[in-house]
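To keep things clear, I will list the structure first and then write my remarks on it.
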Amino acid sequence: MTGVRTRFAPSPTGLLHVGHAYAAITAYNVAKQRGGEFILRIENIDHLRCDDEAIEQIYQDLSWLGLTWREPVRVQSEHMSDYDQALQKLEAMDVLYPCFCSRKDIKEEIARAAHAPHGPEGPLYPGTCRALSREEKRRLLKQNVEYAMRLDLEKSLSLINQDELFWRDIHHNQIFAQPHQLGDVVIARKDIGTSYHLSVVVDDALQNITHVTRGEELEFATHIHCVLQKLLGLPVPIYHHHQLITDQDGQKFSKRDQSETLASYRNRGVCPHHIYELIGLSPKN
Ligand code: GLU
């Protein structure tokens, strides 16, 4: 082993499709081509959208594709205290603030603003709750109004050496993070007390992931992950944001109907080689 470690980290919100096969095999091959290790992580912090049956299907689909991984698999819902610890660390640094806004409040506030800045995920949070007075905050807390915790981006950046705010891609290029395109993101959701951004950064560090491979649709998130890694004193892995494969009509596999899931191919008796041909990749050993 070379110390290289990659992961495939699906969220069990439904069945895996051909696009997931491409992502999983890409991660697998980046590890194997470097004499490294591939691991699987189940990202199921969102208990309303994830279910155990989907987890079981993920194991079956990946085994069918010929992938192997080290047991036990880390299942995020079993490690909520790790995310809570990281949250507390950020709170102690005073880079978070409670946000009491509902989706409707945010929409209305944005509509009022003449030039609301937009990011890759839509309009940025207008910062309403960042400006709340201490008394106002106390009053809302006392009334038990539910709140999320948001990152105060400006404050965070003031604590980080900007010359170090970059990651390297798989070709050794240095990519400087541009977190302003995301603004004050939610670090702990109202309903689950953590977020994708926080838990993925904590887990990639805890599991010593050296190369994070994921689809290019998630590249935007790396800009904020880099900020969190710097704040929490975590190593910044190498990132490889791979293309999303499309069918002959140029449509993403994730958008096609359910008959295209790996489980449906499996159940129809299709051989995994057919999937390798579709995606132009097969697992290396
Ligand atoms: N769990 C995320 C998803 O299924 C992927 C996380 C990642 O690769 O960083 O979209």
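The values are calculated or read from the model by the stated rules, or taken from the named source; none is laboratory data. Since the structure is predicted, the reported quantities are computational estimates derived from the model, not experimental observations. Quick reminder, even Gly has a Cβ in these numbers, built from the backbone with ideal geometry, and neighbours come from all protein chains shown. Note: areas computed on protein heavy atoms with side chains; ligands, DNA, RNA excluded. Shrake-Rupley method; radii C 1.70, N 1.55, O 1.52, S 1.80 Å.
At a glance:
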{"quantity": "Normalised per residue, the volume of the convex hull around the Cα set of region 32-85 (Å³)", "calculated": "103"}
{"quantity": "Label-point gap, in nm, between Ile279 and Ala114 - each point 7 angstrom along Cα→Cβ", "calculated": "5.0"}
{"quantity": "Filter on Lys32/Lys155; Lys190/Lys230; Lys89/Lys137; Lys107/Lys252; Lys104/Lys142 - keep pairs with C-alpha separation over 32 Å", "calculated": "Lys32/Lys155"}
{"quantity": "Per-selection Rg to Rh, region 55-161 - Cα, Kirkwood hydrodynamic radius", "calculated": "1.12"}
{"quantity": "Region 135-245 - Kirkwood radius from inverse mean 1/r over Cα pairs (Å)", "calculated": "15.2"}
{"quantity": "For the chain, calculated [θ]222 nm from helices alone, where every DSSP H run of n ≥ 4 adds -39500 (n - 2.57)", "calculated": "-11000 deg cm²/dmol"}
{"quantity": "Overall Cα dimensions of the chain, principal axis frame, Å, largest first", "calculated": "63, 39, 37"}
{"quantity": "Rel. contact order, % - alpha carbon contacts under 8 angstrom, at least six apart, the chain", "calculated": "26"}
{"quantity": "Value in Å of the Kirkwood radius, where region 108-167 supplies the Cα pairs that are averaged", "calculated": "14.3"}
{"quantity": "Positive dipole terminus of region 14-127, leading residue within Leu40, Gln88, Ala111 (C-beta point charges)", "calculated": "Ala111"}
{"quantity": "Length released on extending from Lys142 to Glu121, taking residue separation times 0.36 nm less the Cα-Cα span", "calculated": "4.4 nm"}
{"quantity": "Principal axis dimensions, largest first and in whole angstrom, of region 212-285 by Cα", "calculated": "49, 30, 19"}
{"quantity": "Kirkwood Rh, angstrom, region 1-118 [1 / mean 1/r, Cα pairs]", "calculated": "17.3"}
{"quantity": "Theoretical gain in end-to-end length, Glu135 to Arg189 [0.36 nm per residue, Cα-Cα removed]", "calculated": "17.2 nm"}
{"quantity": "Test item: Cα-centred dipole of region 1-48, Lys/Arg +1 and Asp/Glu -1 on Cβ, debye", "calculated": "240"}
{"quantity": "Within the accessible area of the chain (1.4 Å probe), percent carbon and sulfur", "calculated": "48"}
